[in-house]
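> Mind having a look at this structure? Questions to follow.
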């Protein structure tokens, strides 16, 4: 499936506000992260967490077509 | 309880007034501001950006956790996004509670959890003209 992943901060600076990834129909947050790092092609970027539908996901969390998926680089609010 | 991500200057006094209650014996107010030095570098301003829908939801979750843990509904939090100058407030947390210890603990809980969990990022503008995203997880960050 084609999945659009939202990017922020240093990831957005490097790759734009989102990237389109081609993933198997049944995939996981961990696989999304691996595919995103592959798309980043060796750029030095901090390891992000993955959010699925506005909730932090674990590596094994399923990702399905239509989910809102985002990479969350280390946060620095406050 | 109320939380918000806003793009205008914050008014700490207004938030303090919002949590006022005759049932409360203590009010606490936390104001996070833009500091002039970070990790030894002169800072001139900070861009704050957020993943809006998730940041709003996460901030609300944290405030609700504080309500549940510390037993007061008088918790108000606003976080600002956009470009802030030195000294401007990026976050204001106001809590009131019957007892002072719980008022202070609840306020601290909200700021510590916000720094860990809310998807907001800051890019510092340095005096030498460069700009960098702040990564608190990086080993080189000074206290």
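The values are calculated or read from the model by the stated rules, or taken from the named source; none is laboratory data. Everything numeric here is computed off the predicted structure, so don't read it as measured data. Every residue, glycine among them, receives a Cβ derived from its backbone with ideal geometry; neighbour counts consider all protein chains shown.
> From the list B:111, B:93, pick out the single residue that is in contact with a strand residue (DSSP E or B) (Cβ under 9 Å, 6 or more places away or on another chain), facing chain A (nearest Cβ under 10 Å) and not in a strand (DSSP E or B).
B:111
> Conditions first: (1) loosely packed, with under 13 Cβ neighbours inside 10 Å; (2) under 19 Å from residue B:116 (Cβ atoms); (3) touching a strand residue (DSSP E or B) at 6+ places or on another chain (Cβ under 8 Å). Residue B:9 passes all but one, so which condition is the exception?
Checking residue B:9 against (1) loosely packed, with under 13 Cβ neighbours inside 10 Å; (2) under 19 Å from residue B:116 (Cβ atoms); (3) touching a strand residue (DSSP E or B) at 6+ places or on another chain (Cβ under 8 Å), the one that fails is (2).
> Looking at (1) within 14 Å of the chain's Cα centre (by Cα); (2) assigned to a helix (DSSP H, G or I); (3) more than 14 Å from every other protein chain (Cβ to nearest Cβ), which is the one condition that is false for residue B:103?
Every condition holds for residue B:103 apart from (1).
> Oh, and also: Restricting to segment B:118-132, and then to whatever is within 14 Å of chain A (Cβ to nearest Cβ) and in a loop (DSSP other than H, G, I, E, B), can you tell me which residue is surrounded by the fewest Cβ atoms within 10 Å (Cβ to Cβ)?
B:130
> For segment A:10-78, which fully contained strands (runs of 3 or more DSSP E) count at least 2 residues that are away from every other protein chain (no Cβ under 11 Å) and either surrounded by 15 or more Cβ atoms within 10 Å (Cβ to Cβ) or at pLDDT 95 or above (or both)?
Values: elements: A:18-22, A:49-52, A:69-72.
Here the list reads A:18-22.
> Something else now. Just checking, which of B:106, B:94, B:98 is closer than 18 Å to residue B:23 by Cβ and surrounded by fewer than 18 Cβ atoms within 10 Å (Cβ to Cβ)? If you could, list the steps in order and put the result at the bottom.
Values: B:106 fails: surrounded by fewer than 18 Cβ atoms within 10 Å (Cβ to Cβ); B:94 fails: surrounded by fewer than 18 Cβ atoms within 10 Å (Cβ to Cβ).
From the options B:106, B:94, B:98, the qualifying one is B:98.
> Taking segment B:25-84, which residues are surrounded by fewer than 20 Cβ atoms within 10 Å (Cβ to Cβ) and assigned to a helix (DSSP H, G or I)?
B:52, B:53, B:56, B:57, B:60, B:61, B:64, B:65, B:67, B:68, B:69
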